[in-house]
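Contents: one structure, followed by commentary.
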Amino acid sequence: MADIFLPLDGGGKVGVKGTRPGNLPLRTHFSLQHTVSQLKAVCLFPSHLVNDGPQNQWEEFDLNNPPTVPTEAGSSFRSQIGPILLLASIFLLNFTGRIIIAPLLPAIEADLSISHAQAGTLFLITTTGYFLAVMGSGLISSRMTHRNTIIFSAFTGALALAAVSLSHSLLSLRGSLLVLGLATGFYLPSGIATLTSLVPAKHWGKALAIHELAPNLGFMAAPLLSEVLLNWFSWRSALAFLAVISVLCGLAFWRLGQGGKFRGEVPNFSSYRNLFGQSSLWIMVVLFGLGISGTFGTYTMLPLYLTAERGMDRPFANTLIGLSRLSGIFTALIAGWATDRFGPGRTLVLVFLFTGLTTMLLGLSPDAWLILVVFLQPMLAVCFFPAGFAALSRIGSAESRSLAVSTAVPLGFLFAGGALPVAIGILGDAGHFAAALAGTGVLILSGSFLSRLLKLRQA
């Protein structure tokens, strides 16, 4: 708080206590209306920081209702492309470390002699650790800032990947994957909080679309990297390689990364009570479960489905899955533009409609059409995330944004990345692999109707 004393026309001085947001330059003037009790304080903020206006103009706002501005850099969208890409790189390693088990699963099954259902439990174990970490991430970020939480996640994730690569039994593999889920789970709430602090709210859709390139690239890179390394090494080498890259990326963010130099909100009963009282939050929890089912949930068991049910050999199946994720890089950017143009609610309705239909076709299509569907389904499914995170960021206050993310995302992942792969694996052991995927499509399709019930505040 700072005391500001300015001379008035009638002489004398008036003291006003106000808070400057961040390091913004601040000009203040006062208008005296009839009586001193009606004294109004007005702030002049640089227009280029508030709404990307001209550099040399100032916008007038009531001091009691200052504009919403980025709390970190406060710069235009273009100037933050570099920091956003660095965050996306951290997310890429974070995400790839959790999903690379899927293309390695045929090799892991053969090496450890486990069933489809046991293979599905590996994702449940990882997702459980991820769920617990994301739910408790506020305890970490409220003490060591979002920036340090991101660095901590990168380094501990690398250690966990190294432990997974050294596992020689199902028990040790499950234990290492639990730690991997815990380590990687700390990133997302802090990553989203850091990202949305770098750019104005009207650019969140585009910023989140760039950030969501990471899962799309991870879905593409994981099977291709697996096949390259499996030609010369065991499945363990792919995990050890990712561990080394994760350390290097963490070091890069430590030296070059921007944003996140503020603490998260300490989880408390009052914060959760206010947030949990909003029906839109619980709708978003279900929608994230359905949205993640279309990407991560189907991806985890798709290599097994294509090899065990449709008769493809493993190298061809993994290459096909990897290449099918390439188009998602571009459609995610289009989804970010559509989110800013039409709003997250309308975008989600269409995304769930088409993703649900194409997921159903994964199980129902004849072999002649299967390759086309394998390419089409992820191209549409990835469009959920820019709109989903933009919608989630409009629930509650800015201070509770990380709490909303740390509630909806892990609960969604617990279903889509944990329960769903186990269910698909059980049905696969019973000879109903195709029916399991078609049923998943029906579930995703229901999100199109549920999205209409969202009540989001304006950006």
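The values are calculated or read from the model by the stated rules, or taken from the named source; none is laboratory data. Bear in mind that the values here come from a model prediction, so they are computed numbers and not experimental data. FYI the Cβ positions are ideal-geometry reconstructions off the backbone, even for glycines, and counts take in every protein chain you see.
General remarks:
- Hey, Ala240 more than 24 Å from Phe342 (Cα to Cα) and touching a helix residue (DSSP H, G or I) at 6+ places or on another chain (Cβ under 9 Å) or not: yes
- Any hit, the range 144-154, residues being basic (Lys, Arg), under 27 Å from Arg325 (Cβ atoms) and out of contact with any Leu (no Cβ under 6 Å at 6 or more places or on another chain): no
- Any hit, the range 262-271, residues being aromatic (Phe, Trp, Tyr), surrounded by fewer than 23 Cβ atoms within 10 Å (Cβ to Cβ) and in a helix (DSSP H, G or I): yes
- Count - residues of the range 109-149 that are surrounded by fewer than 18 Cβ atoms within 10 Å (Cβ to Cβ) and hydrophobic (A, V, I, L, M, F, W, C): 7
- Close pairs from the range 204-218: first free of Cβ contacts under 8 Å to residues at least 12 places away in the same chain and not assigned by TED's automatic domain parsing to the domain that holds Phe375, partner surrounded by fewer than 24 Cβ atoms within 10 Å (Cβ to Cβ) and acidic (Asp, Glu), Cβ under 7 Å, at least 6 apart: none
- Figure legend. Inter-residue proximity from the range 104-118: first residues within 20 Å of Ser237 (Cβ to Cβ) and part of a helix (DSSP H, G or I), second residues modelled with pLDDT under 80 and of a type outside the set (Asp, Glu), beta-carbon distance below 8 Å, spacing 6+ or different chains. Indicated pairs: Glu109/His116.
One line per residue, one yes/no per condition, for (1) in contact with a strand residue (DSSP E or B) (Cβ under 8 Å, 6 or more places away or on another chain); (2) over 30 Å from His168 (Cα atoms); (3) basic (Lys, Arg); (4) surrounded by fewer than 19 Cβ atoms within 10 Å (Cβ to Cβ):
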position: Ala252; (1), (2), (3), (4): no, yes, no, yes
position: Asn274; (1), (2), (3), (4): no, yes, no, yes
position: Trp282; (1), (2), (3), (4): no, yes, no, yes
position: Phe288; (1), (2), (3), (4): no, yes, no, no
position: Tyr299; (1), (2), (3), (4): no, no, no, no
position: Pro303; (1), (2), (3), (4): no, no, no, no
position: Arg314; (1), (2), (3), (4): no, no, yes, no
position: Ala335; (1), (2), (3), (4): no, yes, no, no
position: Phe342; (1), (2), (3), (4): no, yes, no, yes
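- For Arg325, the stated conditions do not hold, so it cannot be described as in contact (Cβ under 8 Å) with a residue 12 or more places away in the chain, touching a Lys or Arg at 6+ places or on another chain (Cβ under 9 Å) and of a type outside the set (A, V, I, L, M, F, W, C).
- Helices (runs of 4 or more DSSP H) within the range 175-240 that include 2 or more residues surrounded by fewer than 24 Cβ atoms within 10 Å (Cβ to Cβ) and at pLDDT 85 or above: 213-230
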